[in-house]
Amino acid sequence: MIYRPVRERSPEAVLKIAEKSLRSTGYDTVSLTSLSSGDYACLNYLMREFNRNFSDKRVALSLPSLRVGSVNEDMLKELRLSENQGLPLHLRPVPTDCALSSNKDSPERCTLRALETLFRAGWQNLKLYFMIGLPTETDEDILRS
């Protein structure tokens, strides 16, 4: 609990930093880096505002690390509007972390639902991270994978 309370920048602050960085560097991609970008409370709002502010400049928004359970249709829609080419996913969800299914679903079912949502939304390129060693994980969980 040493990282509590969670400290998040406001969407407005993130957009100002992105604008300044793009102007200073000439790059055409902004990456929201964290252990899990999908945990950011204002992510969908930030993505909408990012696209509104930068779509005419053809700037891509990248989310380099997403838990399977944080994927949602609004997020996918906004990512498709930017110049984003792929989506990285962590494939070891904790059962209660799945936003696309009930908390009673298994991690496998959660993963399948997230992937179905991705493919329905038109995604064809995924980068998959296979995670082991989560605090709640048992040796049996690893062997089953």
Exception for Ser62 within (1) modelled with pLDDT of 85 or more; (2) more than 25 Å from Leu128 (Cβ to Cβ) falls at (2)
So which residues in segment 11-49 are of a type in the set (A, V, I, L, M), within 23 Å of Asp74 (Cα to Cα) and surrounded by 16 or more Cβ atoms within 10 Å (Cβ to Cβ), if there are any at all?
Val14, Leu15, Ala18, Val30, Leu32, Leu43, Leu46, Met47
Working only within segment 1-38, note down all residues that are at pLDDT 95 or above and part of a loop (DSSP other than H, G, I, E, B).
Ser10
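The values are calculated or read from the model by the stated rules, or taken from the named source; none is laboratory data. Nothing here was measured: the structure is a model prediction, and the numbers come from that model. In this analysis, Cβ positions are derived from the backbone assuming ideal geometry, glycine residues included, and neighbour counts consider all displayed protein chains.
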